[in-house]
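The values are calculated or read from the model by the stated rules, or taken from the named source; none is laboratory data. Given the structure is predicted, the values throughout are model-derived calculations rather than measurements. Cβ coordinates were reconstructed from backbone atoms using ideal geometry, including for glycine residues, and neighbour counts include every protein chain displayed. Each accessible area value is taken on the protein alone, full model and side chains, heavy atoms only, with ligands, DNA and RNA left out. Shrake-Rupley method; radii C 1.70, N 1.55, O 1.52, S 1.80 Å.
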Amino acid sequence: MIHINNLHKEFNGHEVLKGISENVEKGEVVVIIGPSGSGKSTFLRCLNRLEEPSEGTVVFEEKDITDKNSDINKIRENMGMVFQGFNLFPHKTVIENITLAPIKVKGLTRAEAEKKAYSLLEKVGLSEKANVYPSSLSGGQKQRIAIARALAMEPDVMLFDEPTSALDPEMVGEVLNVMKDLAKEGMTMVVVTHEMGFAREVGDRILFMDDGKILEEGKPADIFSNPKNARTKDFLSKVL
Ligand code: ADP
Ligand code: MG
């Protein structure tokens, strides 16, 4: 589904991605782990061109998203993204947050969009919150709404950048559970997280990133139980 070839990114002459080549298969859950500042967010943001790669290509569903002539907005419709911060529109209700893009971008009628939104709210366990404003929600609830909003566009892949890092500990589980359900349904997912339990249980493949490179990758059981790279070992010894 996604082919990444020789991806480089520099900011002001400082190279933060130093040549990454990876493939993400349809239905796969790829979990990216690694120390802070290693380039995980930059990598994820290059996948939907929130960052412009300095070199290399990203081909998503046969379309080269790094090609200046490609319609990036159209491509992004198929790539849902959930960030650490919740990014909900504060002056819109939950249901408005979820239906806005499907109506504006996909051309759904309000009734169609709301029907879909209610089923998504049910999926994330927040049916009763349809008409409240984001400010009245807990962090965990906001993040579940952010996931529902991304899903409303019926993306083919979901990108998650530390979706639980800003949450109080007691709310982490409810968000991870929604993500687990998504993975079970076969959603293709690329997830940056420090939640090693989730990575081990839900990940099909773990990528360990350090200093702008993927130093090691493999099945969770192998990476967590038998890391080969010294830097992976060191990182895991600190977080496990
Ligand atoms: P991670 O998500 O693994 O913590 P990031 O991708 O956020 O790492 O950052 C990797 C490196 O790139 C860091 O040194 C960071 O300071 C730098 N960086 C990220 N975004 C920018 C930016 N917009 N401008 C300049 N430097 C940036
Ligand atoms: Mg980051």
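Among the candidates Thr66, Thr99, which residue alone is in contact with a strand residue (DSSP E or B) (Cβ under 6 Å, 6 or more places away or on another chain) and hydroxyl-bearing (Ser, Thr, Tyr)?
Step by step, each of Thr66, Thr99 is checked, and only Thr66 is in contact with a strand residue (DSSP E or B) (Cβ under 6 Å, 6 or more places away or on another chain) and hydroxyl-bearing (Ser, Thr, Tyr).
Which is within 21 Å of Glu28 (Cβ to Cβ), touching a residue at least 24 places away in the same chain (Cβ under 8 Å), of a type in the set (Gly, Ala, Ser) and part of a helix (DSSP H, G or I), of Ala146, Ala183?
Sole residue among the options that is within 21 Å of Glu28 (Cβ to Cβ), touching a residue at least 24 places away in the same chain (Cβ under 8 Å), of a type in the set (Gly, Ala, Ser) and part of a helix (DSSP H, G or I): Ala183.
Conditions tested, residue by residue: (1) touching a helix residue (DSSP H, G or I) at 6+ places or on another chain (Cβ under 8 Å); (2) free of Cβ contacts under 8 Å to residues at least 12 places away in the same chain; (3) more than 16 Å from ligand 1 (Cβ to nearest atom).
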| residue | (1), (2), (3) |
| --- | --- |
| Pro155 | no, no, yes |
| Leu159 | yes, no, no |
| Ala166 | yes, no, no |
| Met171 | yes, no, yes |
| Leu176 | yes, no, yes |
| Met179 | yes, no, yes |
| Thr188 | no, no, yes |
| Val191 | yes, no, no |
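In the list Ser70, Ser54, which residue meets the criterion of being within 16 Å of ligand 1 (Cβ to nearest atom) and either touching a helix residue (DSSP H, G or I) at 6+ places or on another chain (Cβ under 6 Å) or small (Gly, Ala, Ser) (or both)?
From the options Ser70, Ser54, the qualifying one is Ser54.
Which residues, taken from region 146-192, are open to solvent by 10 Å² or more (accessible area, probe 1.4 Å) and within 16 Å of ligand 2 (Cβ to nearest atom)?
Asp161, Glu162, Ser165, Ala166, Leu167 - these are the residues of region 146-192 that are open to solvent by 10 Å² or more (accessible area, probe 1.4 Å) and within 16 Å of ligand 2 (Cβ to nearest atom).
Determine which member of the set Gly27, Gly39, Gly13, Gly34 is more than 16 Å from ligand 2 (Cβ to nearest atom) and in contact (Cβ under 8 Å) with a residue 40 or more places away in the chain.
Gly27
So which residues in region 1-39 are within 7 Å of ligand 1 (Cβ to nearest atom) and crowded, with 21+ Cβ neighbours inside 10 Å?
The answer is Gly34, Ser38, Gly39.
Among the listed residues Val82, Val94, Val105, identify the single one that is within 16 Å of ligand 1 (Cβ to nearest atom) and closer than 23 Å to Asn131 by Cβ. Walk me through it before giving the result.
Numbers: Val94 fails: within 16 Å of ligand 1 (Cβ to nearest atom); Val105 fails: within 16 Å of ligand 1 (Cβ to nearest atom).
Of Val82, Val94, Val105, the one residue that is within 16 Å of ligand 1 (Cβ to nearest atom) and closer than 23 Å to Asn131 by Cβ is Val82.
Mind counting the residues in region 61-98 that are open to solvent by 50 Å² or more (accessible area, probe 1.4 Å), aromatic (Phe, Trp, Tyr) and within 16 Å of ligand 2 (Cβ to nearest atom)?
Residues flagged as open to solvent by 50 Å² or more (accessible area, probe 1.4 Å), aromatic (Phe, Trp, Tyr) and within 16 Å of ligand 2 (Cβ to nearest atom) within region 61-98 amount to 1.
Yes/no matrix, rows are residues, columns are (1) within 19 Å of Pro90 (Cα to Cα); (2) in contact with a Ser or Thr (Cβ under 9 Å, 6 or more places away or on another chain):
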{"position": "Ile145", "(1), (2)": "yes, no"}
{"position": "Ala148", "(1), (2)": "yes, no"}
{"position": "Ala152", "(1), (2)": "yes, yes"}
{"position": "Met158", "(1), (2)": "no, yes"}
{"position": "Asp161", "(1), (2)": "no, yes"}
{"position": "Thr164", "(1), (2)": "no, yes"}
{"position": "Asp168", "(1), (2)": "no, yes"}
{"position": "Met171", "(1), (2)": "no, yes"}
{"position": "Val178", "(1), (2)": "no, no"}
